[in-house]
Amino acid sequence: MSDLVFRNARLIDPASGYDDMGDLLVQYGKISQFGDVDAPDNVQEIEADGRILSPGLIDMRVVSSETRIDQTGNVAAAGGFTTIVIMPQTGSILDDTSKLDYLLRKGAEGSPINVYGAGALTHGLLGQAMTDIGLMGDAGALFFSNGDNPIANSRLMRRLLSYSSAFNALIASRPLDPDMSAGTCAHESDFSARLGLPGHPPTAERIIAERDIALAELTGGRLLIDMVSSREGAEVLRQAGRRDLEVYASVTINHLSLNELDIGEYRTFAKLDPPLREESDRKALLAAVNDGTIDVIVSSHDPRMAGEKRRPYTEAGAGAIGLETLLGAGLTLVDNEELDLMAMLRALTCNPAELLGLASGKLAEGAPADLVLIDPNAPWVVNPDHMTSRAKNTPFEGRRFIGRADMTVCGGDIVFDRLGA
Amino acid sequence: MTSRITHPDGYVFAKRHCLSISDFNRVEIDTLLELGLHYCAPQAQRCDHLKGALLVNLFFENSTRTQNSFEVAAKRLGADVVNMAVGSSSVAKGETLLDTAATLNAMRPDVLVVRHNASGAPALLSQKVSCSVINAGDGVHEHPTQAFLDALTLKRTLGDISGLRIAICGDILHSRVARSNIILMGLLGAEVRLIGPPTLLPADADRWGAEVFHDMSEGLRGCDVVMMLRLQLERMQGALVPSKREYFHFYGLDRAKLDLASPGALVMHPGPMNRGVEISSDVADDPDISLITKQVETGVAMRMAIIDALYAARQNGEAAHV
């Protein structure tokens, strides 16, 4: 760890709304000064040349496994992330303290960035028996999730929210009615009907979102609606926001950037869970991020082997990698004036940090030096062959993006550098 | 006979049944506790106040300690005792329960002690029989004699219950002992706290006149008495509580947690205990802090007092009508 000073950067602190040109000094792994900086000698100087210097990005939804965690960390660093949270459905399901502990140890040893885990809500993610939420929280689980499986049983969901409220734990729930969506692989629309793909309507999302918000209200639990995908879902959240509830929501970058037409002629790389929906849904989700109704943007990074995607659409695996494309896709939306830069950065830094109780996610003296240097004007084309990720299942292949991460600093260490500094 | 059930203020105890703590006023409670104190003396435990009377134990739920406690109490009072063998298989629907009541009534018992898994069953029986009915635990409603014996144990040990801070910990949602104790300890002037995970507390428990805590360390602070409740094993396998391990870690009473209570705090448990689940053996077996054995001992005296008082009140009532 060496001390660094960034010169002539556009410093953005989404937590406070600070946005000004200046310098930033990193000492002993922490931000020690920013704005006008009086740097000591023998400090490595980095000429930012007007690039944006933001708190490092935080991704609350990454699928990986304890054996690939170092690789995932490198991929995330290349995408501008300094903190990732590994979902419980990866590798051996994170449903007890020992598995969680093992993952965290592997992450600390092998990954250049901060790796945390989300604990499983139920044993084996089967939606039946509650896991040791209190003990796993003590062991470092940042929140609890049932992975991609919604909790079908309302009584269990009530108990989970109720029990976890004693520990002030955050409970993530996939808003999807499992019966209504059983056997579907697409959004229910005339488009999917013409392709002959079985779909479910956004109502399947709305029903469970409304149920879980009502249960959060009943129990006083902290709820994260995990990956909203529709206008109806965003509307439910907007209404919940008017009440004094601890209800939060995330959206994937895919659902902000793409719509069902990107499935085209059965492109399985665009097969996602939740499915891509209509353009009006995408617009509504962007509006919800811009006005703060949706708190967090996630990559929902989910590497799939080629064989899983090289199948008929209905049989192919759902999911996409996203750590390396999230920032480019987001900045392109900013460039198109669809997404507000400050709202986007809030949803990627201070909002998740606050939800997860992390000290990072902000530019503040004494805060961890988790930083990303962003060139918002660099054009590039998504080419999976040039990616760090070994899995190549990106729905953005061939897309032209404006803006990307040039350097990532985690705890004062340069963990990714495109500039060759 | 009336002297034993006459309060120093001159009020004569006149209740026929013991169904719920809230059936009694403060004067009646004091009369019962005084009488209980009287029966704690070994020489008082041999008497014939109920000679010739018949007490029937009617336990629709399995119980060893409570049923035996009533049997011993009644025999020490000189009464005859019949234990009706009601297998759990014949746990009655309302109709059958009333049929049983009619049959029993024909045998003309003086006191009927009833335990039933349906809340309100003893109250229903009391309307159909001509004898006194004692609720020995009904569903998740009340267990008034347990609360009385807990109060008497504290009275014997500490003298006064008023002003004590009492924590009731664990599965309050399913506990009839907790419901009776919350009312009784509150009436006697104690400050009652409820401690447990949210899944084991009734909705709006804070409206019961007790402060609710989910963090045991916080809840135990300054408590003089810690009452632990039994956690049913089937409730801790992921349905309401994740596991025994997690439950004991956060809500089990061990020495470290007890150290957060007042110095010299006492520990109670209605039994039977799950050692290592809600209470550590270390705490349960320490004679300096555990009142658990004393509770059982006091239970006989307290039940003698309740049986005696109800019987005497009934005799008085009949005498008045002659």
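Whether any residue in region B:298-315 is without any contact (Cβ under 8 Å) to a residue 12 or more places away in the chain and either at negative phi or touching a helix residue (DSSP H, G or I) at 6+ places or on another chain (Cβ under 9 Å) (or both) is what I want to check. No; the residues of region B:298-315 include none that is without any contact (Cβ under 8 Å) to a residue 12 or more places away in the chain and either at negative phi or touching a helix residue (DSSP H, G or I) at 6+ places or on another chain (Cβ under 9 Å) (or both).
Within the option set A:Ala288, A:Ala347, A:Ala369, being among the aliphatic types (A, V, I, L, M) and touching a Gly at 6+ places or on another chain (Cβ under 6 Å) holds for one residue only, A:Ala369.
Listed by position, the strands (runs of 3 or more DSSP E) enclosed by region A:8-54 that each have at least 1 residues that are of a type in the set (A, V, I, L, M) and farther than 17 Å from A:Thr82 by Cβ are A:18-27. Among the criteria (1) touching a helix residue (DSSP H, G or I) at 6+ places or on another chain (Cβ under 7 Å); (2) within 21 Å of B:Glu218 (Cα to Cα); (3) more than 14 Å from chain A (Cβ to nearest Cβ), the one B:Gly271 does not fulfil is (2). Evaluated against (1) in a loop (DSSP other than H, G, I, E, B); (2) within 14 Å of chain A (Cβ to nearest Cβ); (3) surrounded by 16 or more Cβ atoms within 10 Å (Cβ to Cβ), B:Phe250 falls short on exactly one condition, (1). Just one of the listed residues (A:Leu286, A:Leu276) is assigned to a helix (DSSP H, G or I) and touching a Leu at 6+ places or on another chain (Cβ under 6 Å), and it is A:Leu286. Here is a check on your reading of the model: is A:Asp20 surrounded by 24 or more Cβ atoms within 10 Å (Cβ to Cβ) and touching a strand residue (DSSP E or B) at 6+ places or on another chain (Cβ under 8 Å)? Spelling it out, it is not the case that A:Asp20 is surrounded by 24 or more Cβ atoms within 10 Å (Cβ to Cβ) and touching a strand residue (DSSP E or B) at 6+ places or on another chain (Cβ under 8 Å).
So is B:Leu291 within 21 Å of B:Leu201 (Cβ to Cβ), more than 14 Å from chain A (Cβ to nearest Cβ) and at pLDDT 95 or above or not?
Against the criterion (within 21 Å of B:Leu201 (Cβ to Cβ), more than 14 Å from chain A (Cβ to nearest Cβ) and at pLDDT 95 or above), B:Leu291 does not qualify.
Within region A:260-297, restricting attention to residues that are surrounded by 19 or more Cβ atoms within 10 Å (Cβ to Cβ) and over 24 Å from A:Ala240 (Cα atoms), the residue that is nearest to the chain's Cα centre (by Cα) is A:Leu272. Please enumerate the residues belonging to region B:24-54 that are over 14 Å from B:Ile306 (Cα atoms) and in a loop (DSSP other than H, G, I, E, B). Correct list: B:Asn25, B:Ala41, B:Arg46, B:Cys47, B:Asp48, B:Lys51, B:Gly52, B:Ala53. Does any residue of region A:71-88 turn out to be surrounded by fewer than 24 Cβ atoms within 10 Å (Cβ to Cβ) and more than 21 Å from A:Leu323 (Cα to Cα)? Taking every residue of region A:71-88 in turn, none turns out to be surrounded by fewer than 24 Cβ atoms within 10 Å (Cβ to Cβ) and more than 21 Å from A:Leu323 (Cα to Cα). Within region B:94-123, the residues that satisfy the criterion of being over 24 Å from the mean Cα position of the chain (by Cα) and of a type in the set (Ser, Thr, Tyr) are B:Thr96, B:Thr100, B:Thr103.
Residues satisfying the criterion are absent from region B:187-205 (criterion: free of Cβ contacts under 8 Å to residues at least 24 places away in the same chain, within 14 Å of another protein chain (Cβ to nearest Cβ) and farther than 18 Å from A:Ser164 by Cα).
Within region A:219-230, no residue that is away from every other protein chain (no Cβ under 14 Å) and of a type in the set (Phe, Trp, Tyr) sits with its Cβ atom under 8 Å from a residue that is surrounded by fewer than 24 Cβ atoms within 10 Å (Cβ to Cβ) and assigned to a loop (DSSP other than H, G, I, E, B) at 6+ positions apart or across chains. Considering region A:211-244, the residues that are of a type outside the set (Lys, Arg) and in a loop (DSSP other than H, G, I, E, B) include one that is modelled with the lowest pLDDT, namely A:Asp244. Please determine whether any residue of region B:63-70 is crowded, with 22+ Cβ neighbours inside 10 Å and among the polar types (S, T, N, Q). Within region B:63-70, one or more residues are crowded, with 22+ Cβ neighbours inside 10 Å and among the polar types (S, T, N, Q). Residues of region B:171-198 that are part of a helix (DSSP H, G or I), in contact with a strand residue (DSSP E or B) (Cβ under 7 Å, 6 or more places away or on another chain) and among the β-branched types (Val, Ile, Thr): B:Ile182 alone.
Residue count for region B:23-48 under the criterion of being surrounded by fewer than 21 Cβ atoms within 10 Å (Cβ to Cβ), of a type outside the set (A, V, I, L, M, F, W, C) and within 12 Å of B:Phe148 (Cα to Cα): the result is 3. Among the residues of region B:56-73, are any assigned to a strand (DSSP E or B), over 18 Å from the mean Cα position of the chain (by Cα) and within 22 Å of B:Ala309 (Cβ to Cβ)? Yes, the conditions are met somewhere in region B:56-73.
Give region B:213-240 a look and list any residue that's surrounded by fewer than 22 Cβ atoms within 10 Å (Cβ to Cβ), modelled with pLDDT under 95 and either within 11 Å of chain A (Cβ to nearest Cβ) or farther than 18 Å from B:Ile182 by Cβ (or both), or say none. Listed by number, the residues that qualify are B:Gln232, B:Leu233, B:Glu234, B:Arg235, B:Gln237, B:Gly238, B:Ala239.
Against the criterion of being crowded, with 22+ Cβ neighbours inside 10 Å and in contact with a Lys or Arg (Cβ under 8 Å, 6 or more places away or on another chain), A:Asn114 does not qualify. Only residues that are in contact (Cβ under 8 Å) with a residue 60 or more places away in the chain and small (Gly, Ala, Ser) were counted in region B:152-171, giving 2. Filtering region A:168-188 to residues that are more than 14 Å from A:Asn146 (Cβ to Cβ) and crowded, with 20+ Cβ neighbours inside 10 Å leaves A:Ser181, A:Cys185, A:Ala186, A:His187, A:Glu188. Among the residues of region B:1-23, those identified as assigned to a loop (DSSP other than H, G, I, E, B) and without any contact (Cβ under 8 Å) to a residue 60 or more places away in the chain are B:His7, B:Pro8, B:Asp9, B:Gly10, B:Tyr11.
If you go through region A:105-135 and keep only what is under 25 Å from A:Gln71 (Cβ atoms), hydrophobic (A, V, I, L, M, F, W, C) and modelled with pLDDT of 95 or more, you end up with A:Ile113, A:Val115, A:Ala118, A:Ala120, A:Leu125.
The values are calculated or read from the model by the stated rules, or taken from the named source; none is laboratory data. Quantities reported herein were computed from a predicted structural model and do not represent experimental measurements. Virtual Cβ from ideal backbone geometry, glycine too; neighbours counted across all protein chains shown.
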